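Enquirer: Below are the structure tokens for one structure; questions will follow.
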Amino acid sequence: MKGLLRFLFQKNEREEACAYDKVNEKPIIRASICTGEKTAGFRDIKTGKFREVMLIRSPKDLDEFMEKYGLDSIDTEY
């Protein structure tokens, strides 16, 4: 049972970054004005559709997202 729980809740170290279209998508942090919740993802420049990738709970999560996708800076939308 312990092994099953570890399998279900353990972070996969081999998890690879989904490719994103650098021409048609823009990396964005979407932040809620009401709750302060932040979500990292990509906004399609043509359609405006937001593709959620991960929840940002700490500065460490943001650093992980930026490193995973090779980003130097990222804009925040409210």
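Enquirer: Considering only region 36-52, how many residues are surrounded by fewer than 15 Cβ atoms within 10 Å (Cβ to Cβ) and outside any loop (DSSP other than H, G, I, E, B)?
Expert: Applying the first criterion (surrounded by fewer than 15 Cβ atoms within 10 Å (Cβ to Cβ)) to region 36-52 yields 36-37, 44-49, 51-52.
Then drop every residue that is not outside any loop (DSSP other than H, G, I, E, B), which leaves 44, 51-52.
Number of matching residues: 3.
Enquirer: Report, by residue number, each residue of region 23-35 that is out of contact with any Ser or Thr (no Cβ under 6 Å at 6 or more places or on another chain) and surrounded by 11 or more Cβ atoms within 10 Å (Cβ to Cβ). Break it down into steps so the answer makes sense when it comes.
Expert: Initial filter on region 23-35 (out of contact with any Ser or Thr (no Cβ under 6 Å at 6 or more places or on another chain)): 23-28, 32-35.
Scanning region 23-35 gives N24, E25, K26, P27, I28.
Enquirer: So which residues in region 66-78 are in a loop (DSSP other than H, G, I, E, B) and surrounded by 10 or more Cβ atoms within 10 Å (Cβ to Cβ), if there are any at all?
Expert: Result: Y69, L71, I74.
Enquirer: Of everything in region 53-65, what is under 16 Å from A19 (Cβ atoms) and either without any contact (Cβ under 8 Å) to a residue 24 or more places away in the chain or assigned to a strand (DSSP E or B) (or both)? Give them in sequence order. It would help to see each step written out before you state the result.
Expert: Pass one, region 53-65, residues under 16 Å from A19 (Cβ atoms): 53-54, 65.
Passing the criteria: V53, M54.
Enquirer: Still on this structure, I have one more. Could you list, in sequence order, all residues of region 2-35 that are of a type in the set (K, R), modelled with pLDDT under 95 and either in contact with a helix residue (DSSP H, G or I) (Cβ under 7 Å, 6 or more places away or on another chain) or not in a loop (DSSP other than H, G, I, E, B) (or both)?
Expert: Going residue by residue through region 2-35, those that are of a type in the set (K, R) are 2, 6, 11, 14, 22, 26, 30.
Applying the additional criterion that residues be modelled with pLDDT under 95 yields 2, 6, 11, 14, 22.
Result: K2, R6.
The values are calculated or read from the model by the stated rules, or taken from the named source; none is laboratory data. Please read these numbers as outputs of a predicted model, since none were measured by experiment. Because the Cβ atoms are built from the backbone with ideal geometry, glycine has one as well, and the counts that use them run over all protein chains shown.
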